[in-house]
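The values are calculated or read from the model by the stated rules, or taken from the named source; none is laboratory data. Note that the structure is a prediction, hence the values are computed from the model and not measured. With ideal geometry, Cβ positions are generated from the backbone for all residues, glycine too; neighbour counts draw on all protein chains shown.
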């Protein structure tokens with residue numbers, strides 16, 4: 001391979017590399033990688049609150065949950081206190097009221 005062939009090969013390689021870089025930069029600038037649902041969720045919200053509605057919520061006697069899980073019920077009474085009842089302990093699970101011997105007897 002002569003000196004002239006090496007120069008032509010080098011120039012073609014340089015043109016290919018520069019073209020590749022320009023194409024990648026253009027492609028990255030026009031491609032939108034954020035889904036429309038995420039774009040909608042990222043929209044800013046207004047920082048104003050209806051204070052009358054908040055006061056009405058604070059004064060409620062009982063708040064009913066919209067969604068409950070099977071075995072778990074939640075209830076909130078009064079303005080700031082609440083109770084959460086968990087499901088009954090499963091067999092073989094130790095609770096503060098049981099000991100290792102009692103849970104082994106229950107599992108047999």
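Quick one: is residue 74 modelled with pLDDT of 85 or more and at negative phi? The answer is no for residue 74. Among the residues of region 2-16, is any at negative phi and at pLDDT below 90? The answer is yes; a qualifying residue exists.
Does residue 51 count as over 21 Å from the mean Cα position of the chain (by Cα) and in contact (Cβ under 8 Å) with a residue 12 or more places away in the chain?
So residue 51 fails the test.
Filtered by the rule that a residue be in a helix (DSSP H, G or I) and either loosely packed, with under 10 Cβ neighbours inside 10 Å or over 27 Å from the mean Cα position of the chain (by Cα) (or both), region 26-48 gives 26, 27, 28, 29, 30, 36, 37, 38, 40, 41.
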